[in-house]
Amino acid sequence: MKVRALAMAVFCALLSAAHGARAQSTPTVAATSTALPLQLELGDSKLDAEAVRKAVELELKRPVILAPVTAGAPSLTVTAGSGHTVTVSYRTGSGEVRTRSIGVPEDSARGAEVIALLSGNLSRDEAAELLADLAAKATPATESTAASSAEPASEAKAPEAQPEGPKEPAATASPSPSPPASSRPPSNPLPPLIETAFPAINLSLWAPVSLYRDSEQRAFSGEFGLAYSHVGELRGVGLNLCALRTERDVYGVSLATFYDETRGTVFGITSSAIVSRRHGLQGVEVSGILNLGSGGARGASAAGLINLGRDIEGVQAAGLLNRADALQGVQAAGLLNHAKGVEGLQVAGLLNSANDLQGVQAAGLYNRAAKFSGVQASAGVNVAESISGLQLGVVNVAGDVDGAQVGIVNVAKHVDGASVGLVSVADNGRAQLVVWTSTVQPFNAAAKFTVGLLYTQAGLGYAPGDQTYIYELGLGGHFPIGPVFVEPGVHYSEMHSTTDPVGQAVLEHVHYRVAVGVDLGKVSPFGGAAVLQRFDYSDRAPKSVPVAAEVFGGVAFF
């Protein structure tokens, strides 16, 4: 009897435990079913999946889970591409898909924030549909649970709610309890606007002194104000002599003399002579002094003095300063441009600055980029931490170069390509003092810079018997074959008289030369021959044939 009683007690305990587990699983399934599926394809990006999920959940103010998307239900898909770009697709319950690509910062936290803002922008107009979808899902679940209280649990469960593993015998099944009501039901943070009757036009003196005292809760086709207008949404034209504030979106034209603010997205034109502010832009934004923007922007943003925006796609122009987090298109300023990420063209009359740039960066004085792919050109100085492409300027400074530097002075940590300039210095390059003699000029010395398979050279020569001196510039290839090297090149020289040092050149030569040498470490002897092409611009020039041969030999040190 004791054994039988003990077995019965163990069986009851197991039955109770199974019943408790089933009771706990029901609200979990119900809670999960209301969550928005988020599918992430992050590839080799530095984005953190959980950080993206939390940021999107916070922006949408509803549960978000990492799960494959399914047809017939709202869902989000985030795909990371090359060059710190992501593509976000939002699918509505009716099957409509909205897709947009945007550049994101390299920092994982900032990247997650940009993705969340874009997700909110894509789904903002679908807030009512999302809530209706959640309500539709919640109602059948409640009715099904109530009906299942009179049936065995094994027959009442929906297929997707079936737990993995063997089913329990029907005799041990117990009714499933109704799921508890959610402690935080989904709610729309923005209450519905009041639709104003035709013609939906408001006149304001100083809000709330207007035709509609609750104008900030209404949608209007027209708003005309004298000092201050405050409306919920504008679906036409809004004009104010001083300040205009719109709580949500603008579909049309919004103009104010001093201050124009749109807290939603502008689909059209917004303008102010002093300050324009908006959350999102898909159109044109113009201000005489300052533009302030946040979130995504498409179209044009122009200011007489300053542009500020987080994400820009299109054209951003300012008379003095531009600033954007991510830019796809053209950014132009009379003085200064700055962007964290640029894809396209960045042009300034004086200064350009970018963290990550793909395209063309051009400035009258100074260019700076952290990571650069494309062409960086300046009449002054170019600076980049790493560059893949062409750096063209008077002075070029870079960390790693995969491409070419062309300028008077080139400085790099490592060059995988070419460096063309009067002075070219790189950790994987070589700077040498070269002395040689030739049949044209007996005494010559030059500074020679070799980077990769290219050398540049600048030097002076002197002939005491003829009382002449020359200066020469050279460019050529450097091809090592073990310790031996071959250097074909083209050099230009001008001969001047020592009695008239700054006068007209006596002779000009182009030297088509080939040198062969041996690298012995600190010393590299070389010799070679050249064909001279002479250009005569002086009565003192010889009357001999303008093409001659030259033989030379010397030593390079260091």
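Derivation of every value follows stated rules applied to the coordinates shown; laboratory data play no part. Model, not experiment: these values are computed from the prediction. Because the Cβ atoms are built from the backbone with ideal geometry, glycine has one as well, and the counts that use them run over all protein chains shown.
Derived scalar couplings between HN and Hα for segment 259-269 equal 8, 9, 10, 10, 7, x, 10, 8, 10, x, 10 Hz in order, rounded to whole Hz, by the Karplus curve 6.51 cos²θ - 1.76 cosθ + 1.60 (θ = phi - 60°), x for Gly and Pro. Across segment 37-51, computed HN-Hα scalar couplings (Karplus, 6.51 cos²θ - 1.76 cosθ + 1.60, θ = phi - 60°) run x, 10, 9, 10, 10, 8, x, 8, 5, 8, 5, 9, 4, 5, 5 Hz from first to last residue, x flagging Gly and Pro.
If we sort 443-449, 64-70, 406-412 on the protection proxy, mean other Cβ atoms within 10 Å, highest first, what's the order? Write down the numbers at each step before the final one.
Working: 443-449: 18.3, 64-70: 13.6, 406-412: 20.3.
Packing order, densest peptide first, comes out as 406-412, 443-449, 64-70.
Taking only the Cα atoms of segment 412-545, the ratio Rg/Rh comes out at 1.01, with Rh defined as the Kirkwood radius. Fraction of C-alpha pairs exceeding 15 angstrom in segment 255-295: 23 percent, rounded to a whole number.
Checking the table Lys61/Lys371; Lys413/Lys448; Lys448/Lys522 against a 24 Å threshold on Cα-Cα, which pairs fail? Don't jump to the answer; show the numbers that get you there.
On the way: Lys61/Lys371 36 Å; Lys413/Lys448 18 Å; Lys448/Lys522 14 Å.
Over 24 Å apart, Cα to Cα: Lys61/Lys371.
Judged by the gyration tensor of its Cα atoms, with axes a ≥ b ≥ c, segment 242-343 is oblate; a/c meets the 1.5 cut and b/c is at least as large as a/b. Dividing the radius of gyration of the alpha carbons in segment 33-88 by their Kirkwood radius gives 0.97 for Rg/Rh.
Distance from the Cα centroid of segment 44-59 to that of segment 323-383 is 29 Å (rounded to whole angstrom). List the residues, sorted by chain then number, that are 5 or more residues from Ser388 or on another chain and whose placed amide H is less than 5 Å from its amide H. Hits under the 5 Å cutoff: Phe372, Ser373, Gly374, Asp402.
The Cα-based radius of gyration and maximum Cα-Cα distance (Dmax) for segment 323-455 are 17.0, 61 Å.
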